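Since the structure comes first, as structure tokens, the remarks are kept for the end.
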Amino acid sequence: MKYLLGSEKDFYDFVEKISKKDKIKIITHTDLDGITSGIFLKKILESKGLRIKSITFLDYGSDVLKNFSEKNGYDYLFMTDWSADNFPEGLDSLRKNGKVMVIDHHPINDSLQDKSNIIKTETFDCTSYCLFNLAKKYIETKDLEGLVCSTMVFDFSFNKEENLNFIKSIYPEITKEKIWESKPALMGKKISEALIYYTPNFKKVYNFVLKGKLKKLEKASRIVDKEVSKWIERYKNESEYFSDQKLHFYYGSPRYGITSAVVSQLSDREFKQDTVILASDIKEKKDFVKLSARNQTGKIDLGKLLKKCISKFENATAGGHVRASAANFPKRYLNDFKKNLLEELGNAE
């Protein structure tokens with residue numbers, strides 16, 4: 001594993017400074033990597049006799065961190081699978097409340113001046129895998145292998161040969177070609193679909209996974225899986241295709257927040273050479289849309305692309321990885337976004 005920012009020593013030193021009297025809180029992301037990272041970090045801290053005051057599940061947004069800082073006090077705050085450096089004002093507000101450690105695998109915000117206590121790994125080295133390796137100093141990790149492998153599959157970590165070999169060391173029967181049929185993939189699918197079903201009650205899924213009660217997630221998983229399959233077919237039949245830009249684009253309103261699940265499957269299995277985007281309304285945020293984008297070729301940096309497309313929009317955010325990214329912005333900009341997108345992709349070609 002390659003550290004792009006920070007190191008194992010930085011993490012160990014940070015943890016060593018925490019006393020049993022300190023108030024510790026965790027912010028983690030709302031997807032599988034976020035849930036798993038939160039669990040691994042909890043086990044590390046508890047092995048030191050440290051008590052976690054709270055764990056909060058947050059999706060990315062411009063004011064999310066500021067709102068958290070205004071309502072929460074702490075001595076130490078950990079952020080896992082959360083690209084806090086890309087929200088510098090929010091990160092600054094958190095640092096004023098206490099000491100903050102970020103562990104993440106999203107691209108580094110090079111313009112951030114204070115990069116202290118930020119650990120960054122390569123995109124393919126998901127945060128759960130980072131914490132799994134860090135945990136080896138504190139606990140026996142054998143029981144965590146299935147969970148970390150499931151997360152690595154869903155974060156496409158297997159596209160890095162070293163990571164695929166690690167997964168195969170646990171599951172020797174796995175091949176890259178049939179990885180989505182494997183045991184860890186099915187486990188990851190169950191958890192990810194349950195997170196979608198129970199949104200915004202991510203703590204419910206977190207607790208089931210923490211306690212190893214994955215059977216409790218099966219009903220929710222089946223319901224969401226049916227919805228994903230329906231929208232994959234709808235996407236294939238109804239999406240717009242722009243051949244010059246190799247772009248598939250569709251706007252719709254699924255019952256659940258499945259945009260990421262739909263485009264991930266389509267880009268990995270149907271449209272491997274194209275950019276795949278699905279936009280939908282944000283139910284909790286009136287007159288806003290969110291979109292998920294995927295391109296598995298690695299030839300287009302989707303994080304940078306989406307940021308360019310929304311750069312002149314008010315109240316808009318975008319970012320993510322090279323192959324997988326997301327954005328949200330007021331719905332009135334949707335046509336402008338598509339126009340910008342086609343222009344940027346045209347220039348890329």
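Coordinate-derived values only; no laboratory data. Note that the structure is a prediction, hence the values are computed from the model and not measured. Methodologically, a virtual Cβ is constructed for each residue, glycine included, from the backbone with ideal geometry; neighbour enumeration extends over all protein chains shown.
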If one takes the longest principal axis of the Cα atoms in the chain, at what angle in degrees, from 0 to 90 and to the nearest 10, does the Cα axis of helix 161-170 lie? 60
So what is the 222 nm mean residue ellipticity for the chain from helices alone, if each DSSP H run of at least 4 adds -39500 (n - 2.57) and you divide by all residues, rounding to the nearest 500 deg cm²/dmol? -13500 deg cm²/dmol
Given charges at Cβ of Lys, Arg, Asp, Glu: the stretch 193-246 dipole, positive-most of Leu214, Ile232, Phe202: Leu214
On C-alpha positions alone, give me the angle between the axis of helix 183-198 and the longest principal axis of the chain, in degrees, nearest 10. 80
Looking at the chain, what % of its DSSP beta bridges pair antiparallel, to the nearest 5? 50
The alpha-carbon center of the stretch 19-91 and that of the stretch 244-299 are separated, in whole Å, by 28
Between Gln113 and Asp287, what FRET efficiency comes out of the Förster formula 1/(1 + (r/R0)^6) with R0 = 45 Å and r the beta carbon distance, rounded to 0.05? 0.80
Gained length - Lys21 relative to Tyr171, 0.36 nm times residue gap less alpha-carbon distance: 49.9 nm
Chymotrypsin sites (Phe, Trp or Tyr not before Pro) restricted to the stretch 155-261 and DSSP loop, no more than 14 other C-beta within 10 Å: none
Rounded, prolate or oblate: which fits the stretch 243-348 when a ≥ b ≥ c are the square roots of the eigenvalues of the alpha-carbon gyration tensor, with rounded for a/c under 1.5 and prolate only if a/b beats b/c? oblate
Name the long-range amide H neighbours of Tyr251: under 5 Å, sequence gap of 5 or more, or other chain; modelled H, no Pro or chain starts. Ala279
Under 8 Å for C-alpha pairs, at least 6 residues apart: give me the relative contact order for the stretch 124-216, rounded to a whole percent. 24
When the Karplus curve 6.51 cos²θ - 1.76 cosθ + 1.60 is applied with θ = phi - 60°, which whole-Hz ³J(HN,Hα) does each residue of the stretch 233-248 get, with x for Gly and Pro? 5, 4, 4, 4, 8, 10, 5, 7, 10, 10, 5, 5, 9, 6, 10, 9
What is the antiparallel percent of DSSP beta bridges lying wholly in the stretch 243-348, to the nearest 5? 75
Short version: ³J(HN,Hα) in whole Hz for each residue of the stretch 145-159, in order, from phi by Karplus 6.51 cos²θ - 1.76 cosθ + 1.60 (θ = phi - 60°), x for Gly and Pro, what are they? 5, x, 5, 5, 5, 4, 5, 5, 5, 6, 9, 6, 5, 5, 6
Can you list the residues, at least 5 places off or on another chain, whose amide H is less than 5 Å from the amide H of Thr56, using H built in the peptide plane? Ile26, Ile27, Thr28
Placing +1 at every Lys and Arg Cβ and -1 at every Asp and Glu Cβ, with all other atoms neutral, what dipole size does the chain have around its Cα centre, in debye to the nearest 20? 1300
Enumerate the calculated ³J(HN,Hα) couplings along the stretch 255-268 in order (Karplus 6.51 cos²θ - 1.76 cosθ + 1.60, θ = phi - 60°), each rounded to whole Hz, writing x wherever the residue is Gly or Pro. 5, 10, x, 10, 4, 5, 4, 5, 5, 4, 5, 5, 6, 8
